[in-house]
Amino acid sequence: MWWRSRASARGRSHRGAALLAAALLGGCGFHPLYGEHRYEFDRDLATVKVDPIPERLGQLTALNLRDSFNPANAQVEYRYQLSVIMQAARADFAIRADGTASRQLYQVNAGWRLTVIGASQATASGTARFSTSFDVGDNEYATIVAGQDAQKRAAREISEQIRTQLILFLRRQEAAQS
């Protein structure tokens, strides 16, 4: 019957369009929003030594940076040293009628500086920022967990921003030398 052949052709064209979209998105560097990020080994990034960063947020950020710079844990000679200074602040964001907070705002600012090992002058520098909010409920444990989750997200986002800025710097430097 004629309506079945149209429906069948339409279904095939939708499937074909979906496959084409998946192929195009895969080729442009698209990656899923959720799930694990798998970093490829980049020799230039692997030569960056990350200095220890104080506080728990700094430790999480330093670990994320090290893991993303050298995911294969290859033995390379360090050429650069990365120093990061972080500031984090929490503030009441939404107030209930009884005067207690129902949401908190969590903001993080990070300044980074890249130097050639043995040199005192910065080769590159930049900043990264992250802001989020979380619920403050009646359950104190839930509030603590929400705050820790915001801290982990901040560390992940700040390290991703720094990584992106460093890649851009290293690619420009590589192009200038060519």
Estimated dipole of the range 41-177 in Debye, rounded to 20 [Cβ of Lys and Arg +1, of Asp and Glu -1, Cα centre]:
420 debye
Calculate one ³J(HN,Hα) per residue across the range 163-178 by plugging θ = phi - 60° into the Karplus curve 6.51 cos²θ - 1.76 cosθ + 1.60, and present them in order as whole Hz with x for glycine and proline.
4, 4, 5, 5, 4, 4, 4, 5, 5, 5, 5, 5, 5, 5, 7, 7
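Take the alpha carbon gyration tensor of the range 36-87, find the square roots of its eigenvalues, order them as a ≥ b ≥ c, and report rounded if a/c is under 1.5; if not, report prolate when a/b exceeds b/c, else oblate.
oblate
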Ser125 long-range amide H proximity, modeled H, under 5 Å
Leu114
May I ask for the distance between the Cα centers of the range 59-116 and the range 148-171, given as a whole number of Å?
7 Å
Can you run phi through the Karplus equation (6.51, -1.76, 1.60; θ = phi - 60°) for the range 121-130 and list ³J(HN,Hα) in whole Hz, with x for Gly and Pro?
8, 5, 7, 8, 8, x, 9, 9, 9, 8
Coil-residue trypsin sites (Lys or Arg not before Pro) of the range 74-178, DSSP, other Cβ within 10 Å capped at 12
Arg96
Please report, in debye to the nearest 20, how large the charge dipole of the range 116-172 is about its Cα centre when each Lys and Arg carries +1 at its beta carbon and each Asp and Glu carries -1 there.
580 debye
Can you tell which of Leu63, Gln165, Ala110 lies farthest toward the positive end of the dipole of the range 41-177, using +1 and -1 charges on the Cβ of basic and acidic side chains (Lys, Arg; Asp, Glu)?
Gln165
Quick query: amide H of Thr47 versus all other amide H atoms, modeled in the peptide plane; which residues come in under 5 Å with a sequence gap of 5 or more or a different chain?
none
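Every number here is computed from the coordinates shown, using simple stated rules; none is lab data. Owing to the predicted nature of the structure, the values given are computational and were not obtained by experimental measurement. We place every Cβ from the backbone using ideal geometry, glycine too, and count neighbours over all the protein chains shown.
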